[in-house]
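Heads up, the thing below is written out as structure tokens.
The values are calculated or read from the model by the stated rules, or taken from the named source; none is laboratory data. Since the structure is predicted, the reported quantities are computational estimates derived from the model, not experimental observations. Here the Cβ is made from the backbone with ideal geometry for all residues, glycine too, and neighbour counts use every protein chain on show.
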Amino acid sequence: MRIAVMGAGSTGGYFGGMLVRAGNEVSLIARGAHLEAIRTNGLKVVRDDEEFIVRCLATDDPVSVGEVDLALFCVKTYQSEVALPFMQPMVGPNTTVLCLQNGIDSYITAANVLGSGSVLPGAAFIEAGLLGPGIIKQTGSLVRIILGETDGSETERCLEIRDTFIAAEVPAEVLPDITAGLWGKFLFIATMAGVTSLARATLAELMPQPHWRKVVLACLAEIDAVGRASGVALHLDMVANTTSYIEEHLADLQASMHTDLMAGRPLELEALNGAVIRAGAESGVATPINDAIYAMLHGLKEGIN
């Protein structure tokens, strides 16, 4: 399969590397020192039990890539306004754009630019980061892709994309209710990102402290309530299951928004805690915890230059 990764950073780079190793024709869209390192030395992927280097086309010019079968859209949500028009040369009538951004409605933004028929909603579950330019580090046992059509149909393109990931040793699943799947991840990531950024500390540091544990659990419950009031068919035990996951994987959990905050970079605040507030307003559910998180971080969302 001809695949392009728009935003080949930690998440996009990991999936791109796995797909290259499986024999797909992959193009990585990157920039700066990361791009130059990939061009010079290849892309290095470091996992808990192995490491490998792959070589493929790496560029900052989508025109040089041309139309592809599958484009993974992995840039930060605040980069979408620039990135979506930029990637149009890679999107033809038979291209599927799999949106793997954070948030519950990021794929809608992509569809408004690239066309609803091209864009497929999805989500990536992974703990990954950059060790340095051209080097991706993935930790922990949870790596998973979910995807699905908004109408719940199991289409040929969904199955082909799923099978391509599975063949690359990336677990993937086509969901009949992708909206519930997106909210399931959103509940976890918005809580982790928001609370750890507010506290300037990781969940591993916060959960043993009763006062912070209370905030984490209350934030999960608040987002759960907003999702249900919005008509999302969340699992009955969603909060309990998410709490169990957090407790079992504390050592591996690091929110990218927390990392970005500490580095002075822009934040995905609008796509995460801001989205909770907007959905709460629409569904009539109060969101005091997310209101507080948003208020405290709003002045930092553009980053510190």
### Query
Does segment 237-290 hold any residues that are under 17 Å from the mean Cα position of the chain (by Cα) and surrounded by fewer than 16 Cβ atoms within 10 Å (Cβ to Cβ), and which are they?
Asp252
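Listed here are the residues, each with its yes/no results for (1) crowded, with 22+ Cβ neighbours inside 10 Å; (2) in a helix (DSSP H, G or I); (3) assigned by TED's automatic domain parsing to the domain that holds Ser256.
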site	(1), (2), (3)
Thr139	no, no, no
Ile145	yes, no, no
Ser153	no, no, no
Arg162	no, yes, no
Ile166	no, yes, no
Trp183	yes, yes, yes
Thr191	yes, yes, yes
Ala201	no, no, yes
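Yes or no, residue by residue, for (1) without any contact (Cβ under 8 Å) to a residue 40 or more places away in the chain; (2) surrounded by fewer than 24 Cβ atoms within 10 Å (Cβ to Cβ):
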| position | (1), (2) |
| --- | --- |
| Gly16 | no, no |
| Arg21 | no, yes |
| Leu28 | yes, no |
| Glu36 | no, yes |
| Arg39 | yes, yes |
| Ile53 | yes, yes |
| Val63 | yes, yes |
| Thr77 | no, yes |
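Of all the residues that make up segment 221-236, how many are farther than 15 Å from Ile289 by Cβ, over 20 Å from the mean Cα position of the chain (by Cα) and either outside the structural domain of Ala292 (by TED's automatic domain parsing) or crowded, with 17+ Cβ neighbours inside 10 Å (or both)? Walk me through how you get there before you give the answer.
Within segment 221-236, the subset farther than 15 Å from Ile289 by Cβ is 228-236.
Remaining after also requiring over 20 Å from the mean Cα position of the chain (by Cα): 228-231, 233, 235-236.
Filter once more, so that each one left must be either outside the structural domain of Ala292 (by TED's automatic domain parsing) or crowded, with 17+ Cβ neighbours inside 10 Å (or both): 230.
Residues meeting the conditions: 1.
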### Message
Being under 21 Å from the mean Cα position of the chain (by Cα) and outside any strand (DSSP E or B) is the filter here; which residues of segment 33-59 pass it?
### Response
His34, Leu35, Arg47, Asp48
### Message
Quick test for you: out of Ala190, Ala218, Ala199, pick the one residue that is within 17 Å of Ala292 (Cα to Cα) and within 19 Å of the chain's Cα centre (by Cα).
### Response
Ala190
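If you check Leu220, Leu234, which single one turns out to be in contact (Cβ under 8 Å) with a residue 24 or more places away in the chain, part of a loop (DSSP other than H, G, I, E, B) and of a type in the set (A, V, I, L, M)?
Working: Leu220 fails: part of a loop (DSSP other than H, G, I, E, B).
Being in contact (Cβ under 8 Å) with a residue 24 or more places away in the chain, part of a loop (DSSP other than H, G, I, E, B) and of a type in the set (A, V, I, L, M) holds for just one of Leu220, Leu234, which is Leu234.
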